[in-house]
Amino acid sequence: MYGANPKDKHPMKGFPQICFIQNTVLNPNIIIGDYTYYDDPEDSENFERNVLYHFPFIGDRLIIGKFCALARGVKFIMNGAHHKMDGFSTYPFQIFGNGWEKIDTQPDELPYKGDTVIGNDVWIGYEAVIMPGVKVGDGAIIAAKSVVVSNVAPYTIVGGNPAKFIRQRFDDNAIQVLLEVAWWNWDIEKITRNLEKIVAADIEALKDCQ
């Protein structure tokens with residue numbers, strides 16, 4: 001027996017609040033890794049409702065790695081939320097037509113921050129908001145109700161609005177080893193054999209995993 005089935009929508013039997021969302025997301029521009037779950041007692045399968053302003057004509061992607069834990073109400077603001085900001089007014093007159101379309105804004109005139117990328121083994125707390133183009137490193141923790149406007153380094157804890165550095169989870173050497181080991185890319189049999197070392201904090205023991 002090697003853990004939960006990543007193709008099971010609800011791996012905790014009788015508890016639909018937890019959903020492995022790679023099995024429910026249909027948008028090809030939302031990419032979810034194995035074992036990443038969304039926790040929501042209202043509708044855990046409908047994670048896509050939390051990815052806002054994600055218009056196909058813009059083409060940006062939300063990429064979330066493996067073994068991530070996403071709490072209820074997490075929101076991802078995508079590049080479609082942007083308004084033109086280099087003029088005096090940010091109001092989108094052109095979308096209402098009736099003569100206002102004469103100032104039609106082209107996609108390349110709008111701010112574009114690129115793909116939003118969440119690493120592996122990331123924990124994002126209750127009602128946190130991730131802004132467009134943010135990159136969150138492996139092993140990071142985002143505190144509840146944070147608004148993340150800039151990149152988050154691996155194995156860093158951030159919180160607040162805007163989210164600020166709180167502390168690094170481990171020393172630089174341990175973080176470097178963790179990124180090299182990248183246990184989330186092991187086959188599931190190896191992960192299962194070494195769970196005690198993965199959830200502990202002995203970096204030498206983790207390096208020696210077979």
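The values are calculated or read from the model by the stated rules, or taken from the named source; none is laboratory data. Just so it is clear, the structure is predicted and the values come from calculations on it, not from any experiment. Note that each Cβ is placed from the backbone with ideal geometry, even for glycine, and that neighbours are counted across all protein chains shown.
Structure above, values below:
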read-out	value
Strands (runs of 3 or more DSSP E) within segment 60-161 that include 2 or more residues out of contact with any Pro (no Cβ under 8 Å at 6 or more places or on another chain), crowded, with 19+ Cβ neighbours inside 10 Å and β-branched (Val, Ile, Thr)	156-159
Subset of segment 196-210 that is surrounded by 12 or more Cβ atoms within 10 Å (Cβ to Cβ) and not basic (Lys, Arg) - its residue that is nearest to the chain's Cα centre (by Cα)	ILE198
Residue ID - nearest to LYS145 (Cα to Cα), chosen from residues in segment 72-104 that are among the hydrophobic types (A, V, I, L, M, F, W, C) and touching a helix residue (DSSP H, G or I) at 6+ places or on another chain (Cβ under 9 Å)	VAL74
Filtered residue count, segment 1-43, keeping only those that are part of a loop (DSSP other than H, G, I, E, B), polar (S, T, N, Q) and over 13 Å from LEU62 (Cβ atoms)	3
So ALA174, is it more than 19 Å from ASN29 (Cβ to Cβ), surrounded by 12 or more Cβ atoms within 10 Å (Cβ to Cβ) and touching a helix residue (DSSP H, G or I) at 6+ places or on another chain (Cβ under 7 Å)	yes
Residue match in segment 136-145 (condition: modelled with pLDDT under 90 and among the small types (Gly, Ala, Ser))	no
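So that you can scan it fast, the table gives a plain yes or no per residue for (1) over 27 Å from PHE55 (Cβ atoms); (2) of a type in the set (Ser, Thr, Tyr); (3) without any contact (Cβ under 8 Å) to a residue 60 or more places away in the chain:
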site	(1), (2), (3)
THR116	no, yes, yes
GLY119	no, no, yes
GLU127	no, no, yes
VAL134	no, no, yes
GLY139	yes, no, yes
PRO154	yes, no, yes
ILE157	yes, no, yes
ILE166	yes, no, yes
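Table: residues versus (1) part of a loop (DSSP other than H, G, I, E, B); (2) closer than 18 Å to THR36 by Cβ; (3) of a type outside the set (S, T, N, Q).
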site	(1), (2), (3)
PHE165	no, no, yes
ALA174	no, no, yes
ILE191	no, yes, yes
LYS197	no, no, yes
CYS209	yes, no, yes
